[in-house]
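Enquirer: Pasting a structure below so you can have a look.
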Amino acid sequence: MAEQQSHEKKANMLWGGRFTGGLDPLMVAYNESIYFDKNMYRQDILGSIAFARANCKAGVISQDEFSRIEAGLREVEKEWEAGTFKIVPGADEDIHTANERRLGEIIGKDVAGKLHTGRSRNEQVVTDMRMWLRDELRKIEQHLVSFLTVTAARAERELDLVMPGYTHLQRAQPIRWSHWMLSYGLVFASDLERLREVIKRVNRSPLGCGALAGNPFGIDRDMMAKELGFDGLLWNSMGAVADRDFVAETLHSASCAWPTPTRRAAA
């Protein structure tokens, strides 16, 4: 039997509980998500600032503590934007731990440690996911709007152009160029309509729901939702932190839209 290696437990690791030894490095690497969820750095920082502001309003932290936390998080954001943020392997399990570690280095752990007061990682993760997904979907929305605008303009401008229509790779009937263009345009319009419906359901705030049973300090959820650009709140705390249906719905919407550009490219 291979000799089992002993590993030192790191003080800043989220997992370990009562165990004195650390995780096997293979398990640490397997559990890390920092190398892809770092894309949510901005959403994580904005969510933390909004939560700290709400804690300040509720009297959980002082105005001075909030100001230091906000200024520190803005510095962390600048490092990400400049490409100078240093990920610490084994310590920065995900974007949340990475940002909090760096905040503690900038403003001191005594104040940085108060950032997470009353907040669960459950609500933090899903808040970041919803914000990031909303922002990315809105980029796609703008691309679709631009494409449809150009398509409609071309179809109107070139109304009298005639081309052969094909079926089974054989020329079948004469059709207008505009008719061919709009055959794709109308499908993309349906994709856009579907996408906007998805955005409506994605853009609901779970922040303030806690781990599963709400926040004990009575923080202002509406204020946080408004600051973060959400259209409204998710009302059931257990469902808000557990559900990932918005991810599945986004993937379904994408799968419906994908054949259209594929068919267009092959035409």
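Rule-based calculations on the coordinates, nothing more; no lab input. Please read these numbers as outputs of a predicted model, since none were measured by experiment. When we count neighbours, we look across all protein chains shown, and the Cβ atoms used for this are built from the backbone with ideal geometry, even at glycine.
Enquirer: Leu186 to Asp24: extension gain in nm, 0.36 nm per residue of separation minus the Cα-Cα distance?
Expert: Roughly 52.9 nm would be gained on extension.
Enquirer: What list of ³J(HN,Hα) couplings, whole Hz, do you get for the range 134-139 from phi and the Karplus terms 6.51, -1.76, 1.60, once you set θ to phi - 60° and write x for glycine and proline?
Expert: 4, 5, 5, 5, 5, 5
Enquirer: Using modelled amide H (1.01 Å from N, peptide plane; none on Pro or chain starts), what sits under 5 Å from the amide H of Leu233, excluding residues fewer than 5 places away?
Expert: Here the answer is Ser205, since their amide H atoms fall under 5 Å of that of Leu233.
Enquirer: Another question, then. At what distance in angstrom do the alpha carbon centres of the range 118-153 and the range 164-206 lie from each other?
Expert: If we compute the Cα centre of each part, the gap is 20 Å.
Enquirer: Note down the relative contact order for the range 25-112 as a percent, whole number, built from C-alpha pairs under 8 angstrom at least six residues apart. Intermediate results must be reported in sequence, preceding the final value.
Expert: Details: 75 pairs, mean separation 35.3, N = 88.
That works out to 40 percent.
Enquirer: Separate question: For the range 121-266, taking Cα atoms only, what is the radius of gyration to one decimal and the Dmax to the nearest whole Å?
Expert: 21.3, 71
Enquirer: So how far apart, in nm, are the two label points at Arg244 and Glu156 if each is 7 Å from Cα heading toward Cβ?
Expert: 4.5
Enquirer: Report Rg(Cα)/(2.2 N^0.38 Å) for the range 194-239, keeping two decimals. Could you put the intermediate results ahead of the total?
Expert: On the way: Rg = 11.4 Å, N = 46, 2.2 N^0.38 = 9.4 Å.
Here the answer is 1.21, to two decimals.
Enquirer: Taking the convex hull of the Cα atoms, report for the range 25-112 its projected area averaged over all directions, in nm².
Expert: Details: hull surface 23.1 nm².
Here the figure is 5.8 nm², rounded to one decimal.
Enquirer: Among 154-167, 127-140, 41-54, 223-236, how do they line up from the highest to the lowest mean number of other beta-carbon atoms within 10 Å? Could the numbers behind the result be given before it?
Expert: On the way: 154-167: 12.2, 127-140: 19.3, 41-54: 22.6, 223-236: 16.8.
Result, highest mean Cβ count within 10 Å first: 41-54, 127-140, 223-236, 154-167.
Enquirer: What per residue convex hull volume, in Å³, do the alpha-carbon atoms of the chain yield?
Expert: In the chain, the Cα convex hull volume per residue is 199 Å³.
Enquirer: May I ask you to derive the relative contact order of the chain, considering only C-alpha pairs under 8 Å and at least 6 residues apart, and to give it as an integer percent?
Expert: The normalised contact order for the chain reaches 18 percent.
Enquirer: Restricting to lysines 8 or more places apart or on different chains, can you count the pairs in the range 25-112 with Cα atoms under 21 Å from each other?
Expert: Total qualifying Lys-Lys pairs in the range 25-112 comes to 5.
Enquirer: Got the relative contact order for the range 50-195 handy, in percent, Cα pairs under 8 Å and 6 or more residues apart? Write out the running numbers ahead of the final one.
Expert: Numbers: 96 pairs, mean separation 22.8, N = 146.
Worked out over the range 50-195, it gives 16 percent.
Enquirer: Which ³J(HN,Hα) values in Hz, rounded to whole numbers, follow from the phi angles of the range 171-176 under the Karplus curve 6.51 cos²θ - 1.76 cosθ + 1.60, where θ = phi - 60° and Gly and Pro get x?
Expert: For the range 171-176, the Karplus-derived couplings read 5, 10, 9, x, 9, 6 Hz, x marking Gly and Pro.
Enquirer: Report the label-to-label distance for Ala266 and Arg176 in nanometres (one decimal), using points 7 Å from each Cα along the Cα→Cβ vector.
Expert: It is 2.8 nm.
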